[in-house]
Amino acid sequence: MPLLIVAIAVALLLILMTKYKLNGFVALLIVSVLVAGWGALSGVLTVDDKPADVSDIPDIIGSGMGGQLEETLAVIGIGAMIGRILGDAGAAQRIALKVVGALGEKRVQWAMIATAMLIGVTMFYEAAFVIVVPIVFTLVRATRTNLLWVGLPMSIALSTMHSFLPPHPGPTAAASIYQASPGLSLLYGLFIAVPAGAIIAMVWPRLSFVKKIDPEIPRGLVSEKSFTEDEMPTMLRSVVVALLPVVLIAGAEIYIMVGTEGTPLMHAVTFIGSPTIALLLSLIVAIIIFGPLSGRPLTELAVSMADSARAMAMIIMVIAAGGGFKEVLVSTGIAQYIADMTSGWPIHPIILVWLTAVILRIALGSASVAVTTAAGIAAPLVGSSGISPELMVLATTCGSIAVSHVNDPGFWMFKEYFNLSVVQTLKARTTYTTVLSVLGLGGVLVMNLVI
């Protein structure tokens with residue numbers, strides 16, 4: 001019954017948005033209330049493991065929206081401001097033209113894959129996405145190519161790194177549950193993530209059903225102006241601002257893995273390297289470099305930041321509503337239902353944990369919940385099966401990326417930034433996440449033969 005309710009909810013959401021063209025934010029709230037209402041009436045809705053009734057529904061949805069915004073609001077908002085400043089200063093165009101000049105238009109996709117994988121090893125998908133996407137937009141304009149031709153390889157590469165590898169939250173949590181080595185999980189994961197991500201990133205934009213999609217760049221997220229050579233800042237200034245958040249966040253993660261815990265330096269590095277603080281510091285640097293140091297008044301930069309905020313409003317609202325929908329699904333006990341259902345299946349532990357994570361991901365949309373729940377089920381099997389705990393980490397995280405759809409906040413972020421319809425997003429994103437998950441499982445099974 002719970003899985004049937006999830007299926008009906010997803011179908012209703014698709015009908016509201018595709019047939020009746022209802023705004024995504026409103027549609028998600030309506031479906032969230034209906035599912036939570038079913039949970040309250042059937043007695044499965046809970047808050048803090050205690051039974052809840054209809055009066056608790058607003059708090060549950062609000063908690064999900066707040067939790068999602070807590071993780072993404074500052075990152076997306078500040079990232080958009082940095083991107084708009086880069087665009088309005090001509091820095092994004094400078095970087096884009098340099099990339100095209102160095103590699104040629106035919107190799108733009110490989111440039112995006114390499115950039116996204118290097119950045120994505122340590123940076124969250126959302127943080128890396130908002131930093132790189134202004135370069136994508138500018139490259140699209142410079143090369144006059146389809147937005148997905150350049151943007152899809154970037155997103156696929158970031159998705160792979162975020163989902164497969166520590167120190168990202170899901171893989172790190174799984175490593176803790178399985179008592180696996182995060183470093184070894186990262187090393188094994190690179191052998192799977194790099195080839196799998198590169199293959200999908202190069203193949204997907206060439207598929208006929210993806211090539212037919214030709215979205216326009218969303219207005220307000222990038223400068224409309226085409227700059228002359230004299231108007232653009234130097235490459236050094238452009239790269240410093242674009243890569244500063246990457247250096248701060250990636251450098252902090254590396255130090256955290258090798259440094260001594262509890263020291264004043266560790267506390268300082270952890271603070272500076274957090275995505276919100278790193279992006280805030282980068283925004284301040286961007287304001288200084290492209291403001292006073294470039295002879296531009298701060299009022300111009302204030303206009304750029306305000307324009308980016310207006311353009312981001314609906315994107316942030318839809319992502320928040322996606323978090324509310326996810327929280328409702330979790331509060332109805334669907335995760336525990338799936339855990340009980342799959343725990344006794346007599347199949348290979350790697351396939352069991354992957355399949356459990358896939359089902360949880362489809363039902364709940366939350367990769368983190370899928371990883372932690374599936375790992376909790378499979379953890380006792382590690383010792384008795386003799387399977388490497390690091391491979392169990394990878395099997396779990398590979399399952400958690402599958403079938404990203406309307407209950408996944410990341411689905412809505414992808415949709416809004418690439419200006420797609422729901423159906424187009426299902427074709428482009430849902431398919432690549434699913435195939436990527438299957439390829440990942442195949443890689444884990446092959447590695448299990450030799451490790």
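The values are calculated or read from the model by the stated rules, or taken from the named source; none is laboratory data. Just so it is clear, the structure is predicted and the values come from calculations on it, not from any experiment. Note that we place each Cβ from the backbone using ideal geometry, even for glycine, and neighbour counts take in every protein chain shown.
A few remarks follow.
- Here residue 368 passes the criteria (1) buried (at least 24 other Cβ atoms within 10 Å of the Cβ); (2) under 17 Å from residue 170 (Cα atoms) except the one numbered (1).
- For segment 35-56, filtering for residues that are more than 27 Å from the chain's Cα centre (by Cα) and crowded, with 17+ Cβ neighbours inside 10 Å leaves 8.
- Test: residue in segment 104-112 that is among the acidic types (Asp, Glu) and over 16 Å from residue 202 (Cβ atoms): no
- Yes/no for residue 105 being modelled with pLDDT under 80 and crowded, with 20+ Cβ neighbours inside 10 Å: no
- When residue 296 is tested against the conditions (1) in contact (Cβ under 8 Å) with a residue 12 or more places away in the chain; (2) in a helix (DSSP H, G or I); (3) under 20 Å from residue 87 (Cβ atoms), the lone failure is (2).
- Total residues in segment 340-367, condition assigned to a loop (DSSP other than H, G, I, E, B) and either touching a Gly at 6+ places or on another chain (Cβ under 7 Å) or not polar (S, T, N, Q) (or both): 6
- Selection status of residue 128, under 24 Å from residue 286 (Cα atoms) and either surrounded by fewer than 23 Cβ atoms within 10 Å (Cβ to Cβ) or not hydroxyl-bearing (Ser, Thr, Tyr) (or both): yes
- Looking across segment 236-262, the residues that are exposed (fewer than 14 other Cβ atoms within 10 Å of the Cβ), free of Cβ contacts under 8 Å to residues at least 60 places away in the same chain and assigned to a helix (DSSP H, G or I) come down to 236, 247, 258.
- Which numbered condition residue 425 fails, given (1) among the β-branched types (Val, Ile, Thr); (2) at pLDDT below 90; (3) surrounded by fewer than 24 Cβ atoms within 10 Å (Cβ to Cβ): (2)
- Among the candidates 62, 39, 24, 67, residue that is of a type in the set (Gly, Ala, Ser), in contact (Cβ under 8 Å) with a residue 12 or more places away in the chain and touching a Phe, Trp or Tyr at 6+ places or on another chain (Cβ under 9 Å): 24
- Single residue of segment 1-34 satisfying the filter (hydroxyl-bearing (Ser, Thr, Tyr) and surrounded by fewer than 20 Cβ atoms within 10 Å (Cβ to Cβ)) that is modelled with the highest pLDDT: 20
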